[in-house]
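One structure is given here, and the rest of the page talks about it.
The values are calculated or read from the model by the stated rules, or taken from the named source; none is laboratory data. Note that the structure is a prediction, hence the values are computed from the model and not measured. Glycine also receives a Cβ, built like all others from the backbone with ideal geometry; neighbour counts cover every protein chain displayed.
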Amino acid sequence: MRANSSKIETYLEHLKNTPPKSDWTKNEKLAYWLNLYNASTVYLIVSNYPIKSITKINGGKPWDKKFIKSGDKIYSLNDIENKIIRPRFKDPRIHAALNCAAKSCPEMMSGAYLPKKLSTQLTKQVKAWINDGFRNKITADKIEISQIFDWYKVDFKDGVIAFINKYGSVKVNENAKISYLEYDWALNE
């Protein structure tokens with residue numbers, strides 16, 4: 001883990017020195033913030049390794065730790081997710097793209113989000129997450145899904161079932177029973 005810390009630090013330094021500008025496209029900005037969030041999460045884990053869970057960092061509140069630099073500003077993971085990404089971009093697919101370093105979190109994409117490929121990358125991530133039998137158990141009449149769908153239900157404007165039906169391989173009935181799987185906060189090594 002620690003062997004990769006210099007690469008992560010170099011990447012974060014690059015992101016810090018190239019914050020979004022007003023003339024950037026929406027996709028350029030969203031890709032930047034997704035990459036900054038995920039790289040910062042990896043950095044947080046690497047700099048505190050060995051640990052069993054991200055929840056063991058910062059007194060159980062790792063998402064509130066202000067350590068992420070972008071230009072002359074310092075953010076927490078919560079700032080990036082809840083004050084920038086969710087309100088500015090309003091795209092529920094981001095929940096498959098942000099990685100919280102827990103086993104129940106959607107798997108992190110290998111590589112960076114790229115502005116020109118962003119929509120395709122996000123859709124691929126969502127499909128992989130929804131159809132992952134460890135993270136979501138879906139049948140036509142009953143769905144046991146990630147608590148992310150409950151925590152952020154306001155982001156799924158047309159409803160969770162409509163979202164799952166759009167990206168999932170199993171079509172769910174509108175009156176299907178919904179329950180939420182226990183979230184496993186163990187580190188997703």
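Listed by position, the helices (runs of 4 or more DSSP H) contained in the range 1-94 that have at least 3 residues being of a type in the set (D, E, K, R) are 5-17, 26-48.
In the set K157, K116, only one residue is part of a loop (DSSP other than H, G, I, E, B), at negative phi and modelled with pLDDT of 95 or more; that residue is K157. Could we say that F67 is touching a helix residue (DSSP H, G or I) at 6+ places or on another chain (Cβ under 6 Å), of a type in the set (F, W, Y) and surrounded by 15 or more Cβ atoms within 10 Å (Cβ to Cβ) here? Taking the combined requirement at face value, the residue does not satisfy it. Here Y152 meets the list (1) farther than 18 Å from R93 by Cβ; (2) touching a helix residue (DSSP H, G or I) at 6+ places or on another chain (Cβ under 7 Å); (3) surrounded by 15 or more Cβ atoms within 10 Å (Cβ to Cβ) almost entirely, failing just condition (1).
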